[in-house]
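The values are calculated or read from the model by the stated rules, or taken from the named source; none is laboratory data. Quick caveat, the model's predicted, so the values are computed rather than measured. We place every Cβ from the backbone using ideal geometry, glycine too, and count neighbours over all the protein chains shown. The protein model used for the area step is the full one, side chains on, heavy atoms only, and it has no ligands, DNA or RNA in it. Shrake-Rupley method; radii C 1.70, N 1.55, O 1.52, S 1.80 Å.
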Amino acid sequence: MRYFSSKLPQTYKATRNALAGCDFSTKLSPWLALGALSAPQIIAALGEHERVHGKTDSTYWIWFELLWRDYFRYLHLQHGAKLYRAQGLSTVAFSATAVDVSAWQAWARGETGEALVDAGMCELYQTGYLSNRMRQIVASYLIHDLRGDWRQGAAWFEHCLLDYDVYSNQGNWLYIAGRGTDPRGGRRFNVAHQARQYDPDGAYRSRWLG
Ligand SMILES: Cc1cc2nc3c(=O)[nH]c(=O)nc-3n(C[C@H](O)[C@H](O)[C@H](O)COP(=O)(O)OP(=O)(O)OC[C@H]3O[C@@H](n4cnc5c(N)ncnc54)[C@H](O)[C@@H]3O)c2cc1C
């Protein structure tokens, strides 16, 4: 919880979408996932930080992200096993027979040829962690560009992530696939645009692809 005795929470909103580094986000997810820390303990540390350094948009945003974690838990309480169907909560069927298994394998191995996606998949496999932004980009690429099975993506994350949490993982994959509760029908990220915005000098790609 060193994060909250530093000034980093004051800039969280501006830094949270970064791809690399220790300090751009709290990095508390593995401890939460393992039950070594609870959300109320984090909220208490956040409150103490705000008392000393002041409340800002950024400190609010840490609280807001923890709400997402709660939200996905309540989603499971409400919908249970429906969240594990290929179609999720959507009325639109999903046909797994059309899925190209070799595309999934290339995705999981970081061999799609799309450098930003491949770099993310290398980081995930080698470290067990991936920034939220990269999780969104690689998930979107599997679902919307490769037309893969979102459940295979969720299963690969389960295999790799140190902070694997069934509620947050399933909930986020459903959200990006457009098979959760979001009325916008999925989130597609344009990889070239994301690379320009979040890795303009290519440092992240070079780091993981050499
Ligand atoms: C496809 C996909 C799969 C994911 N799988 C997991 C998972 O298995 N386990 C997991 O803990 N998180 C998961 N997330 C959410 C998020 O990416 C991580 O919680 C976050 O990157 C962890 O780093 P951090 O602790 O530094 O987060 P911070 O940005 O510091 O956020 C603080 C805390 O808020 C919560 N949080 C932040 N963003 C989210 C979110 N989108 N959904 C739910 N809770 C959030 C986490 O508990 C996190 O530790 C997933 C996101 C996506 C897009």
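Annotations
- Solvent exposure, largest accessible area first (probe 1.4 Å, DNA, RNA and ligands not counted), of Y125, Y71, Y141: Y125, Y71, Y141
- The mean of 1/r over all distinct Cα pairs in region 97-209, once inverted, gives the Kirkwood hydrodynamic radius of 14.0 Å.
- Dividing the summed helix terms, -39500 (n - 2.57) for each DSSP H run of n ≥ 4, by the number of residues in the chain produces a 222 nm estimate of -17000 deg cm²/dmol to the nearest 500.
- Efficiency of FRET from Cβ geometry, A39 and T181, R₀ 22 Å, rounded to 0.05: 0.60
- Alpha-carbon radius of gyration plus Dmax, which is the widest Cα pair, for region 2-82 in Å: 13.7, 45
- The chain: C-alpha pair distances exceeding 32 Å, %: 19
- Estimated vicinal HN-Hα couplings, Hz - region 121-130 in sequence order (Karplus 6.51, -1.76, 1.60; Gly, Pro = x): 5, 5, 4, 4, 5, 7, 10, x, 9, 8
- For K7, a cut-off of 21 angstrom between C-alpha atoms picks up these lysines, skipping any fewer than 8 places away in its own chain: K27, K55.
- Pairwise FRET efficiency - T127 versus A192, Cβ, R0 = 41 Å, nearest 0.05: 0.95
- Placing a label point 7 Å from the Cα of K82 along the Cα-to-Cβ direction, the residues of region 173-209 with a backbone N closer than 20 Å are 173-187.
- Label point 7 Å beyond Cα of D57 along Cβ direction - residues of region 1-17 with amide nitrogen under 14 Å: 10-17
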